[in-house]
Each structure stands twice: as C-alpha cells, then as structure tokens.
Amino acid sequence: MDTNDLILRLGADVKPADSRFVTRRLFIALSVGSGLALILLLLWQGLNPDLANAMKHRFFWMKAGYCLALGAPALLSVSRLARPDGQPPRIALSFAVPILLVGLIAAVELVLTPSSQWLAMWLGHSWSVCPWRVLALSGPIFLGLLWAFRAFAPTQLRLAGALAGVSAGALGAMVYGLHCPESSALFLLTWYSLGIGLAAAVGALLGPRLLRW
Amino acid sequence: MTSEDDLKMLMIDGLRGDRRAHEDLLRAIAPILTAYFRRRCGSGGLEPEDLMQETLIAIHEKRATFDASRPFTVWMFAIARYKLIDAYRKLKRSPPTEELSDILAVEGFESAVSARMDVDRLLGFLPSKQSEALRKTKITGLSVAEHAKTSGLSESDVKISVHRGLKGLAARLRGEN
C-alpha cells in the first residue's frame, strides 16, 4: 500500500487519547479480576466461618500484608512493562523484604514450638491444596491482565508475563486468605509463596505467546 | 522537523485529537523508520518498506501507551525494534546478533539512550545545517543522496556540511572552541 494513503487512513481514525490510559485499564482489569476471584471463592470454598474472629489475629493481617508486599512491586513493574520503552524498576530487593520478614517470624515460631510439632505446623491442614487454590484464584485476575495487555505494547513478553503472574498470584492469595484458616508464618512462607510462584511460572510460560501484538 | 522536540510536540498534539499533527508525525518518521530497517534487514526476505508501514500502524494503534514525560524517539524505536524482532521470529531466524544483544542488555539500552542525548548535546553546538546533515547521514542512516532529496539541498552541499560538521565536532572535542 502507498505510505501516504496509509497515513491518511490512520489520520482519519484519530480521536483524543486518554493520558492515563495504562493506569485506568489496569485498574479496571484488577477490579473485575479480583471481584471474579472473590465470587469464585464464595461459590467454591466459602469464607472462613470464623472470619470475624480470625481478623482479630495478627496472622490474618500478616497473610494479607505478605501478599500485598509481593503484589505491589509486581504490579508497579507490570504497569511499566505495558509500555514499549518501559523498564521494570529495580524490584528484586523489594520482593526480598516480605520474604525475609516472614522468614524471620517463621524462625521465631520454630524456636518457640517443640520440634515434635514442627511438621504439623509446616503442613497445617491444607498444604496439599493451598498452592493450587491460590493458582486457581489467580486465574480470573490473570485473565483480566491479559485483556488489559491486549491494548498495551509490551516488548519484554516473558518478563511481563511472569510479573503479571506474580501480581495475579499475590492478589489471588489475598482473596484466598478470606477462606484459609491456617495461621503459621512457616505455612504462609511455603505454601502461599509456592502458589504465587506457580502463577508466575504460568505467566512466564504463556507471556511470549499471549502478549504478542 | 525531525528533532526529538518537534516529533514529541506532534505526538502530543495528535494524542489530543489533532489529526493534522498525527499525520505530520507519521509522515516525518516514515523515512527515519525505513532507514532504520534498511540498515538492519540485510538479505533474506524482509522488506524495510513493509516493516516501516507495519510500525506506523503499530505506533498509531498503541499511541495511548506513550508517556508524555518520556522521550518520543525512545518509545518509537522501542516499537520499531519489537517489530523487527517479531519479523525475524516469524521467519524463524534470529536477528543480527549485535542487535539482539543491544535489546537484551537493559544497561546497554540505557547507555545507548544517554549516549544519544550526549550526541544531541554535541550536535547542538553546530550550525543547524551541519548538525542536520550529520544526524541524517550518520545516525539515522540515510545516504547523502537521500538526505539531499528530502532536505532540498544539493548532494555536494550535504557532503560539505557533513565534512565541516565533523571537523567542527573534532575541534570541539579537542577543546579548541
């Protein structure tokens, strides 16, 4: 096609663009995705029947805080990688902070608990299902992010996919915290992290295929 | 009309809905993109013109991802580079290795950008005719004939500008003026 014709055709399509396009679209994707994850949790697992009581304990907030501290830097990076010239901020350190903190609390727990109960504390009642549920709940959020990225222009597809996976995993884990009755830092550190890690791996695997444009 | 500032201004006006500015922008960057792809296509089935048009479409469709607080040319070349890699991927070949390592190295990318800014600053000391001739023939990658045609100068005029510009830069770097 003649370049001039092409330019005129593209020009005919010009409408004012939203200057906060990326942020707004990510916000919609995350709200809808998290809402669907919550509905999924309610239909599938239900809330923790003892939720009101659980919320009085610091473990509930530790779980939520851990997920938030992992999800926030991931989301910030995702919003940068939405642009072709975007580089993620140096976030390796900020991922390490919640992991180290919860690791420290887990170490204290271990010291305070007789070693005969260590295995029970580590595995809780739900170790074998927790990571998979986190992964499943991250699904709608990850799909939301994929939808948002269809209008973005990422150039580092695998990295963007992996960090979208971490974001979705962390938010999914936060939603799962409304059901999960477990209350040890060691459990959180192992099984929640594993679920979030699985979501990251899925994202890294699918990114190059699904984020192409 | 092809400095970073000019292009960015056109881009921002286009984003506000100014159709004329948007068309001017696409017209101004088309030859830059063609030159960019021509230097990187080599032999083997990739057409610089096709890639240029594909990139124009991408720039149009993805224009909302431009962040007005960042340089336009960095955004534009990031899209061009992506389209180039994508084209090589479709051919199941890898792009020229120096290009690929450029892309993979984040540090390299950043220093390339700051090097570009240093070059811009240095060129700023030259008369505009000389800096434009240097920019087009040595950075954008146009031939002397191409630049002569687009700028309306004669070829010998362009050659003289390039020569004087280089001499001026050398003197500047030696600290003579």
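General remarks:
- Residue in the stretch B:147-165 that is touching a helix residue (DSSP H, G or I) at 6+ places or on another chain (Cβ under 7 Å), surrounded by fewer than 16 Cβ atoms within 10 Å (Cβ to Cβ), touching a residue at least 12 places away in the same chain (Cβ under 8 Å) and part of a loop (DSSP other than H, G, I, E, B) present: no
- Within the stretch A:102-121, residues that are under 22 Å from A:Phe60 (Cβ atoms) have Cβ atoms under 7 Å from residues that are surrounded by 13 or more Cβ atoms within 10 Å (Cβ to Cβ) and small (Gly, Ala, Ser) in these pairs: A:Val102/A:Ala185; A:Ile105/A:Ala185; A:Ala106/A:Ala185; A:Glu109/A:Ser184; A:Glu109/A:Ala185; A:Met121/A:Ser184, counting only partners at least 6 apart in sequence or on another chain.
- Of all residues making up the stretch A:9-26, the number that are within 7 Å of chain B (Cβ to nearest Cβ), part of a helix (DSSP H, G or I) and among the aliphatic types (A, V, I, L, M): 2
- Selection status of B:Leu134, in contact with a Lys or Arg (Cβ under 8 Å, 6 or more places away or on another chain), surrounded by 13 or more Cβ atoms within 10 Å (Cβ to Cβ) and under 23 Å from B:Ala80 (Cβ atoms): no
- Restricted to helices (runs of 4 or more DSSP H) entirely inside the stretch A:117-213, those with at least 2 residues that are more than 18 Å from the chain's Cα centre (by Cα) are A:118-123, A:193-210.
- B:Leu104 being over 18 Å from B:Glu4 (Cα atoms) and either at pLDDT 85 or above or among the aliphatic types (A, V, I, L, M) (or both): yes
- The listed residues are B:Glu54, B:Glu61, B:Glu23, and the only one of them that is at pLDDT 90 or above and out of contact with any helix residue (DSSP H, G or I) (no Cβ under 8 Å at 6 or more places or on another chain) turns out to be B:Glu61.
- For the stretch B:55-90, the set of residues classified as under 14 Å from the mean Cα position of the chain (by Cα), within 21 Å of A:Val14 (Cβ to Cβ) and free of Cβ contacts under 8 Å to residues at least 12 places away in the same chain consists of B:Trp75 only.
- Of everything listed in (1) touching a Leu at 6+ places or on another chain (Cβ under 9 Å); (2) farther than 25 Å from A:Asp2 by Cβ; (3) surrounded by 21 or more Cβ atoms within 10 Å (Cβ to Cβ), the single unmet condition for B:Trp75 is (1).
- For the stretch B:23-37, a residue qualifies if it is under 19 Å from A:Asn4 (Cβ atoms) and not hydrophobic (A, V, I, L, M, F, W, C), and the qualifying residues are B:Glu23, B:Asp24, B:Arg27, B:Pro31, B:Thr34.
- Selection within the stretch A:86-116 - over 23 Å from the mean Cα position of the chain (by Cα) and not in a helix (DSSP H, G or I): A:Thr113, A:Pro114
The values are calculated or read from the model by the stated rules, or taken from the named source; none is laboratory data. Remember, it's a predicted structure, so these values are computed and weren't measured experimentally. Note: ideal-geometry Cβ built from the backbone for every residue, glycine included; neighbour counts use all protein chains shown.
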